[in-house]
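Heads up: the structure comes next, in C-alpha cells.
The values are calculated or read from the model by the stated rules, or taken from the named source; none is laboratory data. Please read all numbers here as calculations on a predicted model, not as lab measurements. Glycine gets a Cβ as well: all are built from the backbone with ideal geometry, and neighbour counts include every protein chain shown. SASA here: full protein model, heavy atoms, side chains in, ligands and nucleic acids out. Shrake-Rupley method; radii C 1.70, N 1.55, O 1.52, S 1.80 Å.
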Amino acid sequence: MKIAVFGSTGNTGLQLVSQILERGNECTALVRNPEKLVQFESNKNLKIVKCDILNSDEVASHLAGHDCVLSALGVHGIAMFKMTFYLDSMKSIVEAMRKANLKRLICVTSFYSKPDTIYPMMYKIVMRPMLGRHLDNMNEMEEYLFSQCSDIDYTIVRPPRLLDTTMSESEIKVNENAYFFPDFSTKSQIPRANVAKFMLEALDKNLYVKQGVAIDLVK
C-alpha cells in the first residue's frame, strides 16, 4: 500500500509515518519543512516531498499512484482571530485527490468540533474560550466534506485531548456520527500513537466511510 500523509511533521503525523513504515508500507510525506523528518530519511519506503499544500496542482502531482491520503494537519496555539487553515487545506487536498483520481481520505479533527449546548462544563469554560476558533474551522472543514465531497470516501476521526505518551493497551471506544461520549464512559484523553493506529486500522478494514467518529479510551 502507498500512503500519502499530510501533517507528517506534527506529533500525530510523526506517529502515522512511524507506524506506516513499521508495517512495511510506502509513505509519501508532503511537508513544508523536510528537516523535521530526518529521523526517517534512511528508510527506503519513505519519500519526503517539500510542497505548498495549499496549491492543489502541486499536491496532485505528488499523489498519483497512491492508495489513500491521511491528514493530521493542525494549527498550534491559541488563535485570536478567525481561522481558515483547516478548510483551506482540506479543499486543496480534495481538489488534488480528484485530479489524481484518488478516493480514500482519513483525517483528524477533535471532540466538540460542532457547536452544541449539550457538551460538559469543561468544554464551555475551558476548551471553547481557548480553542473555539480551531473548533469552528474544523467544523467548517467537516461540513465541506459532508456537503461537497460525496465522491470522496472520507473518514473524520475526532479524538479528545492528545497525549505524547507511549501507546495505551486500553480498548478504544468508537461513537459513530458523534462529537463526544455523552455517557462519560471514556478517559477524555488518548495517546497520539493510538489515534494513528486507529486511522490505519480504519484504512485496512475500510471502516467508517463517509462518517465522523468520536474515539477515546475506555475508562
| message | Can you tally the net charge around ASN194? Count Lys and Arg as +1, Asp and Glu as -1, for every other residue whose Cβ sits under 15 Å from the Cβ of ASN194. | response | +1
| said: Spelling out what I want: for every residue of region 85-90, take phi, set θ = phi - 60°, compute 6.51 cos²θ - 1.76 cosθ + 1.60 (Karplus), and round to whole Hz; glycine and proline get x. | reply: 4, 4, 5, 4, 5, 5
| note | The simple spin-label model distance between GLU35 and GLU201, using points 7 Å out along Cα→Cβ, in nm, is 3.7
| task | Report the FRET efficiency, 1/(1 + (r/R0)^6), for SER42 and VAL209, where r is their Cβ-Cβ distance and R0 is 30 Å, rounded to 0.05. | result | 0.30
| query | When the chain is modelled as a GNM with alpha-carbon springs shorter than 10 Å, which of THR155, THR186, THR109 fluctuates the most? | reply | THR186
| query | When the Cα atoms of the chain are enclosed in a convex hull and the volume is divided per residue, what value in Å³ results? | reply | 119
| request: Specify whether the C-alpha gyration tensor of region 59-150 places it in the rounded, prolate or oblate class, a ≥ b ≥ c being the square roots of the eigenvalues: rounded for a/c under 1.5, otherwise prolate if a/b is larger than b/c and oblate if not. | output: prolate
| note | Env charge @ GLY132, Cβ radius under 12 Å, K,R +1 / D,E -1, value +3
| field | Accessible area of region 1-131 divided out per residue, in Å², using a probe of 1.4 angstrom | value | 50
| ASP57 to LYS219: FRET efficiency via 1/(1 + (r/R0)^6), r the Cβ-Cβ distance, R0 45 Å, to the nearest 0.05? | 0.45
| query | With contacts defined as alpha carbon pairs under 8 Å and 6 or more residues apart, what's the relative contact order of region 1-80 in percent? | reply | 39
| field | Sequence-distant lysines (8 or more away, or on other chains) whose Cα lies within less than 29 Å of LYS219 | value | LYS114, LYS124, LYS173, LYS187, LYS197, LYS205, LYS210
| request: Can you tell me the dipole magnitude for region 61-136 around its Cα centre, using point charges on the Cβ only (Lys, Arg +1; Asp, Glu -1), in Debye to the nearest 20? | output: 100
| task | Determine the calculated [θ] at 222 nm for the chain from helices alone, applying -39500 (n - 2.57) to every DSSP H run no shorter than 4 residues and normalising by the residue count; nearest 500 deg cm²/dmol. | result | -10500 deg cm²/dmol
| query | What residue among TYR112, TYR86, TYR123 shows peak mean-square fluctuation when the chain is described by a Gaussian network model with Cα springs under 10 Å? | reply | TYR123
| said: Quick check: pseudo-label points 7 Å beyond the Cα along Cα→Cβ at LYS99 and LYS173, how many nm apart are they? | reply: 4.4
| message | Could you identify which residue out of MET127, MET83, MET141 has the top mean-square fluctuation in a GNM of the chain using Cα springs shorter than 10 Å? | response | MET127
| said: To the nearest 20 Debye, how big is the dipole of the chain about its Cα centre, given +1 on the beta carbon of each Lys and Arg and -1 on that of each Asp and Glu? | reply: 220
| said: 7 Å from Cα along Cα→Cβ at both THR165 and ILE125: what's the point-to-point distance in nm? | reply: 2.4
| task | May I ask you to derive the FRET efficiency for ALA64 and SER147 from their Cβ-Cβ distance with R0 = 41 Å, giving the value to the nearest 0.05? | result | 0.90
| For the chain, what relative contact order do you get, as a whole percent, if you take Cα pairs closer than 8 Å and at least 6 residues apart? | 20
| request: Give, as a single signed number, the net charge of other residues whose beta carbon lies under 15 Å from the beta carbon of LYS114, with Lys and Arg counted +1 and Asp and Glu -1. | output: -2
| task | Could you please state, rounded to a whole Å, how far the C-alpha centre of region 164-187 is from the C-alpha centre of region 31-84? | result | 27
